[in-house]
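Presented below is the structure to which this report refers.
Please treat every number below as a calculation from the coordinates, not as lab data. Because the structure is a prediction, the values reported are computed rather than measured. Note that we place each Cβ from the backbone using ideal geometry, even for glycine, and neighbour counts take in every protein chain shown.
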Amino acid sequence: MTVYDAIGTTYTSTRRPDPRIEARVTAALGDARSVINVGAGAGSYETSRVVLAVEPSPVMIGQRPPGAAPAVRARAEEIPVADDAADAVTALLTVHHWTDLAAGIAELRRIARRRVVILTWDQRVFRRFWLVEEYLPEAAAFDDTRAVPVEHLAGLLGGARVEVVPVPHDCTDGFGAAYWRRPEAYLNPVVRSGISMLAQTGEQVLRPGLARLAADLESGHWQDRYRDLTGLTEFDAGYRMVVAEF
Ligand SMILES: C[S@@+](CC[C@H](N)C(=O)[O-])C[C@H]1O[C@@H](n2cnc3c(N)ncnc32)[C@H](O)[C@@H]1O
């Protein structure tokens, strides 16, 4: 049983790939003609170039759409494919879940002929996001234990460029900071179950902070305090694309 067998049962109801982030992944892949997607989950951000998905959770594999690339049930740390198996490898919003990061990144380098594209976040920036800074510091503390510094990733990759990936105000992929301008969403348990930071911190721990958020929304305090956000169409919550070329 993997973590996502427990927390991933409603994943696709709130985690729909966002077209603006998809465009960034596509651009980062450049001219790669074959792609292996590791930590593929339900198949978000996979294009027709994806020839294989690597995913340990049968619950996530079960939510892949009909016609998606074949999926092998395996972990990043031990990928059952040959060296140089594809032009490029993607690992999107997954490296923080791996038990042996160095082994996983070594595997990505082994199977990618030319390029590795990783989507992750910089916890130093994310910690300033109002949800965790003001309401759910316990969730930020949980993320402190697993967030991967982008410099560390770049080092394991033997060098990489790091790009800012801003979150659109109407982001359709309900990850941690997706609802930065739609605070009511965090009061929805289905939304929370699609965000591992919240699902793994646990409802009991989150309850007091969520109650304060609900009260601040009701009183108008949140709207007053974060008035500046309502004029923005995108926001840098710390999400980063790490791209290595070989
Ligand atoms: C937040 S989901 C992201 C899924 C997909 N990449 C996306 O963007 O929607 C994280 C995924 O990483 C997978 N995962 C967890 N541990 C892993 C490991 N050691 N190797 C590969 N994937 C892993 C989980 O099962 C889950 O499907």
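Here are the numbers:
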item	result
Criterion: among the basic types (Lys, Arg) and either within 11 Å of the ligand (Cβ to nearest atom) or farther than 25 Å from Asp122 by Cβ (or both) - qualifying residue of Arg24, Arg75, Arg20	Arg75
Counted residues, the stretch 67-86 - those being closer than 24 Å to Ala23 by Cβ and out of contact with any helix residue (DSSP H, G or I) (no Cβ under 8 Å at 6 or more places or on another chain)	3
Some residue of the stretch 125-147 being over 19 Å from Met197 (Cα atoms) and crowded, with 20+ Cβ neighbours inside 10 Å	no
Residue, surrounded by the fewest Cβ atoms within 10 Å (Cβ to Cβ), within the stretch 37-51, restricted to residues that are of a type in the set (A, V, I, L, M) and either in contact (Cβ under 8 Å) with a residue 60 or more places away in the chain or under 22 Å from Thr2 (Cα atoms) (or both)	Ala42
Test: residue in the stretch 144-153 that is without any contact (Cβ under 8 Å) to a residue 60 or more places away in the chain, more than 22 Å from Val3 (Cβ to Cβ), assigned to a helix (DSSP H, G or I) and away from the ligand (no atom under 11 Å from the Cβ)	yes
